[in-house]
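What follows is a single structure, written as structure tokens, with notes after it.
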Amino acid sequence: EQAASQALALDPGLAEAWTSKGGIATSRSAYAQAEELLRRAIELNPNYATAHHWLGAALMEDGRPQEGLVHSERAAQLDPLSVIVQLNLGYALELLGRFDDAAARYDRAIQIDPASASAYRRLAEVNAYARNRYDEALPLQQRALALDPGSPLLHGMLAWLWFDLGDLEQARELQATALVRWPDSLWTNSLAASVAAALGDDAAAERHGGKVLALLPREVFALGILASIDLRRGTPQHARSRYASAFPELLDP
């Protein structure tokens, strides 16, 4: 942020610097500020693909996927060979329920860069969870992990897929490996909490779910797992307190 501000001090008309500040605002969930900064960048350079790409992402994160789609499509027009732009456009289409169109974008990303693990992962997820094509999803997810074996996210996503297919043995094997390699990872602990909850191991589910919330206090899946444990224990007030801490705007004082 300091570097971007210094760049603007040298040249207030530098669209790239406004875009950088907008991206920083998005990472802080300051979506109104991000939108203002990124629209300023686009005013300065309407053909800067990254500004449209990041504005599309900010609008989607702000719950405005239709508006995000407009800028995601424009980014793809301006930079048709960018894998990340294709993936962002695919995600916008997913949010609008246009799953076949999203899959086509993910497939296009793979054509552009057959070594893109993220493209295989996104295509696997839309196939499994939106198109009911688990037979196609599994090899795609395995391919993603083979391309990037050092990713805790990809270990987690493949384990999730095995978990959802009902193969707890495969899921637990991947989970055990991930816990050794990345004991403090958000994805690793989220998976471990889910598997433990499915197996009725409340202590382990609570331990790993607590780690997830320490990293991301508003992570709804972990909140749900811990709430279920609280309800089984007859302590619903603990669940309410946890939700009140994470989402104070959703509960009455």
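One line per residue, one yes/no per condition, for (1) out of contact with any Cys (no Cβ under 9 Å at 6 or more places or on another chain); (2) assigned to a loop (DSSP other than H, G, I, E, B); (3) touching a residue at least 24 places away in the same chain (Cβ under 8 Å); (4) crowded, with 23+ Cβ neighbours inside 10 Å:
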site: Arg122; (1), (2), (3), (4): yes, no, yes, yes
site: Leu153; (1), (2), (3), (4): yes, no, yes, no
site: Trp160; (1), (2), (3), (4): yes, no, yes, no
site: Thr177; (1), (2), (3), (4): yes, no, no, no
site: Val180; (1), (2), (3), (4): yes, no, no, no
Every residue from segment 139-151 that is open to solvent by less than 30 Å² (accessible area, probe 1.4 Å) and in a helix (DSSP H, G or I): Gln141, Ala144, Leu145
Unmet criterion (only one of (1) within 22 Å of Gln141 (Cα to Cα); (2) at pLDDT below 90; (3) open to solvent by 30 Å² or more (accessible area, probe 1.4 Å)) for Leu250: (1)
Conditions: (1) open to solvent by 20 Å² or more (accessible area, probe 1.4 Å); (2) within 30 Å of Tyr134 (Cα to Cα). Tyr106 meets all but one. Number of the miss? (1)
Show the residue pairs meeting these rules: Cβ distance below 8 Å; 6+ apart or different chains; first residue within segment 61-86 and at negative phi; second residue assigned to a loop (DSSP other than H, G, I, E, B) and at pLDDT below 95. Glu61/Ser29
Number of positions in segment 3-42 that are modelled with pLDDT of 95 or more, assigned to a loop (DSSP other than H, G, I, E, B) and exposed (fewer than 12 other Cβ atoms within 10 Å of the Cβ): 3
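The values are calculated or read from the model by the stated rules, or taken from the named source; none is laboratory data. Worth saying up front: this structure is predicted, and the values here are computed from it rather than measured. A quick note on method: Cβ atoms are made from the backbone with ideal geometry, for glycine too, and the neighbour counts reach across all protein chains shown. To get the accessible areas, we keep the full protein, side chains included, count just its heavy atoms, and leave off ligands, DNA and RNA. Shrake-Rupley method; radii C 1.70, N 1.55, O 1.52, S 1.80 Å.
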